[in-house]
Amino acid sequence: MINIEEFWEDAKDGLSISIQAISFEVWIDTLKPVCFTENSIVLETISANAKRTIDNKYRDTIKEVVNSLNPSITNVIIILPSQREEYLNRQSVFIDNEGFVTSEPPAQKNKKKCPFLEKYTFETFVEGKSNSFALAACKTVAEDPGHKFNPLFIYSGVGLGKTHLLHAIGNYICKKSPQSNVLYVSAETLVNELISVIRNKSNEENNKFREKYRSCDILMIDDIQFLIGKDATQEAFFHIFNDLYNASKQIIITSDRAPSDLTMLTDRISSRFSWGLTVDIQVPDMETRVAILKNKSAQMKFDLSDDVAEFIAENATTNIREMEGLLNKIVFFSSLTNNVINTRELAAEALSDFIEEKKDTVDASDIVGAVCKYYKITTDEIFSKKKTKNLVEPRMIAIYLITDLLPMPLVQIGEIFGGRDHTTVIHARDKITDEIKTNPRVRITVADIKNMLLNR
Ligand code: ADP
Ligand code: MG
């Protein structure tokens with residue numbers, strides 16, 4: 001069954017391309033997905049005024065985009081907040097994974113509903129040097145919760161897979177031992193729940209809150225940094241933590257920084273994190289990024305060419321979510337124009353509004369400098385006449401990159417490289433062009449150096 005929130009996120013990705021940024025923010029980003037009915041998606045807007053504008057100006061575009069994502073949705077219904085209940089109470093219509101509309105939710109006989117996102121599993125998580133340790137720790141914990149690494153603390157920059165790994169653990173446990181009570185909450189939700197308990201001063205709600213947390217077998221708190229400065233929640237969390245820990249229940253925590261950098265969290269909490277295992281996820285290298293893109297595109301049944309994968313991976317280096325955003329745009333454009341984007345040039349054109357053009361700030365000495373740094377050789381060596389193997393490849397790659405990135409005459413390039421003939425320049429350029437096609441090591445080296453240049 002399609003998750004409406006996710007479906008709408010995907011649709012918004014598409015809409016952000018066809019609708020101007022400012023209008024997008026005002027009219028589209030403020031819509032809330034409500035439900036699917038018959039052949040429609042129902043979206044809630046904030047006011048009658050907004051409804052009028054959206055109906056008149058944007059409904060057709062929205063229709064087109066949601067229909068391209070799922071052909072069984074052919075209509076868009078914009079409603080006001082006051083109509084929300086009415087729509088939710090109508091008999092809902094479900095759309096299965098194949099895109100067929102059914103009036104029944106898919107059979108889930110005797111099965112407790114698994115609250116984790118289906119797409120975030122261990123199988124869909126691509127392993128690389130940057131995350132292998134974290135991945136191994138998560139698998140161990142999923143296999144044998146509560147025993148080996150408790151608590152497990154995972155930290156990384158944004159968009160590098162923390163939430164994905166939590167869902168993967170959840171999915172794994174739900175499947176393996178459906179009777180286990182796995183609780184996933186973002187720290188933000190925890191704060192809001194607690195505020196509500198405190199405000200209402202009702203014992204019943206307080207008990208419900210305690211029961212919810214103390215009855216779980218595995219507790220995952222996502223983005224714990226959100227508790228910084230929230231003293232009351234920290235206090236509540238401290239007690240929940242102790243109770244669960246003493247009962248050998250698994251606790252998994254993620255954060256955007258290391259425990260030692262969670263300075264505003266009371267010491268007694270952050271010191272507890274060191275009782276278990278702390279792992280971090282680094283920024284993935286070029287090879288892993290390309291593998292992730294290939295994996296995601298296969299999930300979307302989109303045939304992503306190597307060239308386009310590399311182009312995207314070069315332009316989104318530190319945040320996988322952003323990288324996926326670029327991929328979604330390529331997939332979306334390809335479906336709109338029926339003109340599959342499969343070359344670097346087409347990708348650059350399609351994404352020109354979304355990536356910064358940094359090329360023209362690079363000059364020949366930057367390129368030579370980056371190549372020398374990569375191969376750990378000196379500029380004297382790269383310009384020299386020496387033909388030792390360790391110098392020939394970097395020299396040819398530097399020449400190739402200059403021809404690729406700069407509008408510099410070949411003769412002039414020859415001059416930079418110790419007065420070499422322009423035919424030598426042509427030879428180097430063509431040789432590397434060929435190698436990029438046939439030799440993955442050279443391809444990745446060139447991509448990594450470009451990356452260094454574009455992300456200085
Ligand atoms: P975080 O919680 O660290 O901010 P997320 O878990 O939300 O990051 O990841 C952002 C996106 O990147 C998700 O769509 C996730 O599936 C994807 N992603 C991150 N790392 C990987 C990986 N190694 N393999 C596959 N997808 C990944
Ligand atoms: Mg997250």
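Each reported figure results from applying straightforward, stated rules to the coordinates on display, with no laboratory input. Here the structure is a predicted model, which means the values were calculated and not measured. Positions of Cβ are generated from backbone atoms using ideal geometry, with glycine treated the same way; all protein chains shown enter the neighbour counts.
Side notes on the structure shown:
- Extension gain, N49 back to E25 (0.36 nm per residue minus Cα-Cα distance, nm): 7.1 nm
- Taking a straight Cα-Cα cut-off under 20 Å and skipping sequence neighbours fewer than 8 places away in the same chain, the lysines within cross-link reach of K301 are K12, K119, K329.
- Across region 141-230, the relative contact order, built from alpha-carbon pairs under 8 Å that are at least six residues apart, equals 34 percent.
- Linear extension gain, S271 paired with K201, 0.36 nm per residue minus alpha-carbon span: 22.1 nm
- Taking every alpha-carbon pair in region 309-364 and binning the separations at 5 Å intervals from zero gives 4, 18, 31, 23, 14, 7, 3, 1 percent.
- Length gained when the stretch V392-E5 is fully extended (0.36 nm per residue, less Cα-Cα span): 134.0 nm
- Intensity falloff of region 242-322 expressed as log10 I(q)/I(0), Debye formula with alpha-carbon point scatterers, at q = 0.19, 0.22 Å⁻¹: -0.83, -0.97
- Each Cα pair under 8 Å and six or more residues apart adds its separation to the average, and for the chain the resulting relative contact order is 12 percent.
- Cysteines (scope the chain) whose Cβ has no counterpart Cys Cβ under 4.7 Å: C35, C138, C216, C372
- Listing S255, S23 from fewest to most neighbouring C-beta atoms within 10 Å gives S23, S255.
- Helix 440-454 axis versus longest C-alpha principal axis of the chain: approximately 80°, rounded to the nearest ten.
- Global geometry of the chain, whether rounded, prolate or oblate, following the gyration tensor of its Cα atoms and the 1.5 cut on a/c: oblate
- Using R0 = 35 Å, the C-beta based FRET efficiency linking L80 and N181 works out to 0.40.
- Remark: region 377-456 projects, on average over all directions, an area of 5.3 nm² (convex hull of Cα atoms).
- Pairs of Lys residues in region 139-285, spaced 8 or more positions apart or belonging to different chains, with C-alpha separations under 14 angstrom: 6 in total.
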